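Before any comments, here is the structure.
The values are calculated or read from the model by the stated rules, or taken from the named source; none is laboratory data. These figures come from a predicted structure and were not determined experimentally. Cβ placement follows ideal geometry from the backbone for every residue including glycine, while neighbour counts extend to all protein chains displayed. Just so you know, the surface numbers come from the protein's heavy atoms only, side chains and all, with ligands and any DNA or RNA stripped out. Shrake-Rupley method; radii C 1.70, N 1.55, O 1.52, S 1.80 Å.
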Amino acid sequence: MKTVIIGTGPAGITAAEVLRRHDPDSELVLLSTEHEPPYSPPAMADHFLTGRRDTLFWKGEDVAARLDATELRGVHVVSVDSAGRQVALSDGRTIGYDALVIASGSRLHAPLPGNELTGIHDFKSLDAARRVVAGVRDGSVRSALVVGAGFIGVELSLLLTELGVHVTVLGRRGWLMPRVLDPETAAVAEQAVRARGVEVVLGVPAKQFVGDGAVEGVELVDGTVLRADAFVAATGVKPHVEFLGGSGIDSDWGVAVDDRMRTSAAGVYAAGDVAEAQDRLTGERYVHAIFPNAVAQAEVAALNILGIDTAYAGAESMNSLKHLGIPIVSLGAMEGEDKLQWRDGDAMRTLWLTDGRIVGARLAGEIRGAGVYRTLMLRRDDVRRYGTRLVDPRFGTGDLALPVLMPELARAG
Ligand SMILES: Cc1cc2nc3c(=O)[nH]c(=O)nc-3n(C[C@H](O)[C@H](O)[C@H](O)COP(=O)(O)OP(=O)(O)OC[C@H]3O[C@@H](n4cnc5c(N)ncnc54)[C@H](O)[C@@H]3O)c2cc1C
């Protein structure tokens, strides 16, 4: 049995580990466009600030050898022939497979006129991030414009600021991280981001990148042109699906998968940022591009390849923002029939409920009990009996935790 895995991000390397754990003899081939060992993208900021390698190369720099896998770095899959069961590489080679895992992840982009100009960076990969940081280190990048105020745009704005760069982050909507945060929680985050020295420009959409060959500025819809030494595109997640054209594998925004992470082609699975999987709560197909989903989907894909029938529970929408100086957690939706809120200065907790069930939570400054809310939300427990205690920071801790963690006891009592 030979499995080819396109991508060695969290999804690809997890699939490889699970396959090897259950089958010591199968052949594993790992393909990556990058030139370094498999790494964890969330650890990049810490790596650039501290030089630490152990958290970045989270599986060990020798992981491919340890898994007895053939690892090809710096290679691009350019097409997949799902009928003939082979992938073609940009250097002309073809590699056959019995099973294929598409774990090619995603990049960040800014779908604006002029985005083909040179000098627009994508901070999604280590190779790309190293190029920006090299400019900072050699003094050619003293200012940066980050186009896109989403979760990753904000995170890399903070990193570049910490490295001494003057950063402006540009958001189309009137508040930061609009996919992740409601306006009120985002206002708390914005205060923290500004306090760290990041310039924040919100509510004035970018119209286009301007320049002659190389990017020189970003023009906003009001005609203002913002200039900087470096530009980073970070408005949206774009799964790497281009090489699937003509492959017979259905893809739209991402690769369509069922609850076994199977694609429309026999023997072909997809996992991670590239996969459009079902949302655990809403059932809608969506690309929830976060680390825990990538790992969980890869495990399911690998187990099914091994013939261990395993269903995926569904992707979750959750984020934990740790680098702002104030902890923020987001879970699920940002609307519901009812809203409960607790506030003390900058600390704020908001829950949304529909039919007496938690459908979403945003916690800033006071994040105790986030795991309990997640459990209640996923279990779809009716939480009306807790009343406003539900949003209290002590909920889920001490004796208030009992009814949540041991519901049978609470019902009996
Ligand atoms: C700066 C940053 C911070 C983040 N912080 C968090 C966080 O705090 N929490 C969280 O949950 N998530 C975070 N994320 C998101 C998280 O890193 C991703 O969800 C996760 O990396 C997805 O894993 P993946 O394996 O699907 O894809 P990726 O990590 O994108 O890996 C894709 C792999 O596919 C390879 N590849 C792509 N195209 C081809 C091709 N044509 N041929 C061969 N190989 C190919 C690439 O080389 C790479 O090896 C962060 C991301 C970034 C960039």
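Miscellaneous remarks
- Selected residue [away from the ligand (no atom under 16 Å from the Cβ), assigned to a helix (DSSP H, G or I) and over 14 Å from the mean Cα position of the chain (by Cα)] from 303, 340, 353: 303
- Selection from the stretch 274-289 of residues that are open to solvent by 20 Å² or more (accessible area, probe 1.4 Å) and either within 8 Å of the ligand (Cβ to nearest atom) or out of contact with any Phe, Trp or Tyr (no Cβ under 8 Å at 6 or more places or on another chain) (or both): 280, 281, 282, 283, 284, 285, 286, 288, 289
- Filter pass, residue 262 being basic (Lys, Arg), within 26 Å of residue 361 (Cα to Cα) and either outside the structural domain of residue 129 (by TED's automatic domain parsing) or at pLDDT 95 or above (or both): no
- Residue pairs whose Cβ atoms lie under 9 Å apart, separated by 6 or more positions or on different chains, with the first residue in the stretch 9-22 and touching a residue at least 12 places away in the same chain (Cβ under 8 Å) and closer than 9 Å to residue 298 by Cβ and the second in a helix (DSSP H, G or I) and aromatic (Phe, Trp, Tyr), are 10/291.
- Subset of the stretch 100-146 (residues that are within 16 Å of the ligand (Cβ to nearest atom), over 30 Å from residue 16 (Cα atoms) and in a helix (DSSP H, G or I)): 132, 133, 136
- With respect to the stated conditions, residue 56 fails to be more than 11 Å from the ligand (Cβ to nearest atom) and assigned to a helix (DSSP H, G or I).
- Selection count where residues are open to solvent by 40 Å² or more (accessible area, probe 1.4 Å) and β-branched (Val, Ile, Thr), scope the stretch 49-79: 4
- Filter result (over 14 Å from the mean Cα position of the chain (by Cα) and either among the aromatic types (Phe, Trp, Tyr) or modelled with pLDDT of 90 or more (or both)) within the stretch 279-300: 279, 280, 284, 285, 298, 299, 300
- Within the stretch 105-116, residues that are touching a residue at least 24 places away in the same chain (Cβ under 8 Å) have Cβ atoms under 6 Å from residues that are in a loop (DSSP other than H, G, I, E, B) and open to solvent by less than 30 Å² (accessible area, probe 1.4 Å) in these pairs: 105/7; 105/9; 108/234, counting only partners at least 6 apart in sequence or on another chain.
- Residues that are in a loop (DSSP other than H, G, I, E, B), within 12 Å of the ligand (Cβ to nearest atom) and either more than 15 Å from residue 95 (Cα to Cα) or of a type in the set (A, V, I, L, M) (or both), drawn from the stretch 60-85: 74, 75
- Scanning the stretch 304-317 for residues that are surrounded by fewer than 20 Cβ atoms within 10 Å (Cβ to Cβ) and among the hydrophobic types (A, V, I, L, M, F, W, C) yields 306, 308, 311, 313.
- Some residue of the stretch 364-375 being open to solvent by less than 40 Å² (accessible area, probe 1.4 Å), among the hydrophobic types (A, V, I, L, M, F, W, C), outside the structural domain of residue 159 (by TED's automatic domain parsing) and over 28 Å from the mean Cα position of the chain (by Cα): no
- Top-ranked residue in the stretch 142-184 [being open to solvent by 50 Å² or more (accessible area, probe 1.4 Å) and modelled with pLDDT of 95 or more; ranked as farthest from the chain's Cα centre (by Cα)]: 142
- Taking the criterion of being part of a helix (DSSP H, G or I), under 23 Å from residue 87 (Cα atoms) and either among the polar types (S, T, N, Q) or near the ligand (Cβ under 6 Å from one of its atoms) (or both), the residues of the stretch 1-53 that qualify are 10, 11, 12, 14.
- Hits in the stretch 359-376 (condition: among the small types (Gly, Ala, Ser), touching a Gly at 6+ places or on another chain (Cβ under 8 Å) and part of a strand (DSSP E or B)): 360, 361
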